[in-house]
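What follows draws every value from the coordinates through simple rules; no lab data is involved. All figures in this text were calculated on a predicted structure; none of them were measured in a lab. Heads up, the Cβs are rebuilt from the backbone with ideal geometry, glycines too, and the neighbour counts pull from every protein chain shown.
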Amino acid sequence: MTAIRKDIVGAAYNRVYTLIDTTIYDTLDKRHEFKTKTILVDESLTNDEKLEVIKYLNIDYDNFKILNNKGIKRICENCQDECLATLYCEYCVRNYLKMNFSNWTSGNGDIDDLIQKCQLETLRPNMIVEWIPYNNLQNIKYLTKGGCSEIYTATWIGGGYYEWNSKEKQLKRYGNQYIVLKKLENVESANRNWFEEGKSHLTISNKYGDIVPCYDDDDVYNNSNFHSEEQDDLEISNGNIFKNI
Ligand SMILES: [Zn+2]
């Protein structure tokens, strides 16, 4: 297997988005088919590179379908429900998280309820809000003081969820991740505003990727930066994907 040229792969991925004529390819499914076929005949790519681009186009396809709640559905071979995602089943992911409710607690009923609600509305396996026990954090180091709190860095043992393994019927984690923590002051005496703010944050970030991270000394929510606006047929090239390849 020859080495995959990341710059060529990235360029082909971005190029295919610019080639779409939305008057001809007027659905998510038609556009995905066009993108895949275009990559398959792209002579600037090796076969491995074609597969690499298609891998990311498939992830995009699921994201667009799930975020827009549109597209061709399929019957999940595991739960027999009619799901939208192709690389996972959104219902199997939610059921898996539900089965694990009894295996964790924040110690606060309101927070548990909120996290459980977010998990039951999970759209993507790499965007799951969860409770992280303090002992799953290592190498906690003071970084700086922000506008209203102290900021720390740490290693999250095991890291966040990132994909659904259909064979094993379970979510897989990234492995250890370097993260930033924010220590909230006087949480014990915080009024409902603090909770409501956290609730809005989690509700929005449950749907959209890339929200400003929100962590504290005892808990870590799996979020990222606000990235996209809700619109009909949300479908934009996701540059973030290429941070990881
Ligand atoms: Zn399923």
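Based on alpha-carbon atoms only, what is the radius of gyration of the stretch 121-181 relative to the globular estimate 2.2 N^0.38 Å?
Here the answer is 1.34, to two decimals.
Give me ASP81, ASP26 ranked fewest to most by other Cβ atoms within 10 Å of their Cβ, as a rough exposure proxy.
In order of increasing Cβ crowding within 10 Å: ASP26, ASP81.
Enter the mean projected area of the convex hull around the alpha-carbon atoms of the stretch 6-72, in nm², rounded to one decimal.
4.4 nm²
May I ask for the percentage of alpha-carbon pairs in the stretch 1-149 that lie more than 25 Å from each other?
The calculated P(r) of the stretch 1-149 puts 51 percent of pairs beyond 25 Å.
Arrange the following residues from fewest to most other Cβ atoms within 10 Å of their Cβ: TRP104, TRP164.
The fewest-first ordering by Cβ neighbours comes to TRP104, TRP164.
Between SER102 and LEU19, how many nm apart are label points set 7 Å from Cα along the C-beta direction?
The answer from the label model is 5.3 nm.
Normalised by the number of residues in the stretch 88-207, what is the relative contact order in percent for Cα pairs under 8 Å and 6+ residues apart?
Dividing the mean separation by the residue count of the stretch 88-207 yields 24 percent.
Average the reciprocal distances over every distinct pair of alpha-carbons in the stretch 88-207, invert the result, and give the Kirkwood radius in Å.
Hydrodynamic radius (Kirkwood, Cα only) of the stretch 88-207 equals 15.7 Å.
Exposure proxy check: LYS199, LYS141 ranked by fewest other beta carbons within 10 Å?
Starting with the residue having the fewest Cβ neighbours, the order is LYS141, LYS199.
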